[in-house]
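Visitor: My questions all concern the structure below.
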Amino acid sequence: MKKIKKLETPKIIYFILVGIVVLEIIGAIFTVIFAATPTQRDAGISNIFLGFLAVTLFSIPWLIESRFKLDIPNYLEVIVLIFLFCSIVLGSMHNLLATVKGYDKVLHIASGIFISVTGFEIIHFFNISKTKESRLKPGILSIFAFCFSVTLLVLWEFYEFAVDTIAYNVSSISERNMQRYQWINESTIYPQSYGLMDTMLDLLIGSFGALVVAIVGWRMLVYKQRKELSSND
C-alpha cells in the first residue's frame, strides 16, 4: 500500500497542475478573442505560449524515466513540478516575478539548491552501479552537482531573455519584465543597466545555493565512506 502511494503522489500533483494550466490556457484564449486593448491581446498570446511550455516541462521527468530507464526519486519529481509551477505559471503568467519584490531571488536560490540535489542524485545513480574501484570520489560528485546546477541556472536566464525578447517583439510596451530591463538603475555602486545587474545577481544567488548543497553533500559522502571503512575493519 505504501508503494502504491509513493508511485501515485507525483502523478496526482502532475494532473492537478496540468489541469490548472489548461484552464489558464483556455482563459488566455478567451482573452485574445475578447481583448479590449492590444496589451490585453498580447498578454493573452504570451500566456498561451507559457502555458504550453509549462505542460511540456511538467512532462520531462516522466520522459527521462521512460527514455533512459531511470527511477527519479518521487520527492524530486514533486519539487520540480512545484518549482516549475511557481516559476512559469505564478511567476510569468501571473507576473509575480515583476510585481512581488524578492520573488525571483527566492526562486533562484531555491533552484540552485534543488538542481544541485538533482545533480547529486543523477551521478549517484550511475556511481552505485559501478564497482567500488571505479566509482567517483565525493569531491568529483560535488563538483559535478555544482556545475550541473550552474549550467541550468544559465539556461533559465536564457529562458528569461527569450520571454522578454518575444514579448517585446509582439508589443514594444510589453509588461513582461523578467530580466528587469525596464527598471532604472539607481545604484551608485553598479554602473550598468538594472537588467544586467538583475541577471548577475540571479546567477550569484543561485550559485551560492548550489555551492551550499555541494559542500554539504561532499561532507555527507565523505562521512558515509569513512563509516563504511570503519565497519569493514
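The values are calculated or read from the model by the stated rules, or taken from the named source; none is laboratory data. Please read all numbers here as calculations on a predicted model, not as lab measurements. Because the Cβ atoms are built from the backbone with ideal geometry, glycine has one as well, and the counts that use them run over all protein chains shown.
Visitor: Assuming MET197 fulfils every condition listed in (1) at pLDDT below 80; (2) of a type outside the set (Val, Ile, Thr); (3) out of contact with any helix residue (DSSP H, G or I) (no Cβ under 7 Å at 6 or more places or on another chain); (4) buried (at least 17 other Cβ atoms within 10 Å of the Cβ) apart from one, which condition is it?
Guide: Here MET197 clears every test but (1).
Visitor: Please specify each residue of the stretch 199-220 satisfying the condition of being free of Cβ contacts under 8 Å to residues at least 40 places away in the same chain and closer than 23 Å to TYR159 by Cβ.
Guide: MET200, LEU204
Visitor: Identify, by number, the condition in (1) surrounded by fewer than 17 Cβ atoms within 10 Å (Cβ to Cβ); (2) assigned to a helix (DSSP H, G or I); (3) without any contact (Cβ under 8 Å) to a residue 60 or more places away in the chain that ILE82 doesn't meet.
Guide: Result: ILE82 fails condition (3) only.
Visitor: Here is a further query. Restricting attention to the stretch 196-233, which residues are outside the structural domain of ILE109 (by TED's automatic domain parsing) and within 30 Å of VAL163 (Cα to Cα)?
Guide: Selection gives nothing.
Visitor: For the stretch 29-50, give me the residue count where each residue is surrounded by 14 or more Cβ atoms within 10 Å (Cβ to Cβ), in contact with a Gly (Cβ under 9 Å, 6 or more places away or on another chain) and of a type outside the set (A, V, I, L, M).
Guide: 3
Visitor: Before we move on, is SER149 outside the structural domain of SER207 (by TED's automatic domain parsing), under 25 Å from VAL212 (Cβ atoms) and modelled with pLDDT of 80 or more?
Guide: no
Visitor: Looking only at the stretch 59-72, filter to residues that are outside any helix (DSSP H, G or I) and loosely packed, with under 15 Cβ neighbours inside 10 Å; which one of those is modelled with the highest pLDDT?
Guide: Per the criteria, the residue is SER59.
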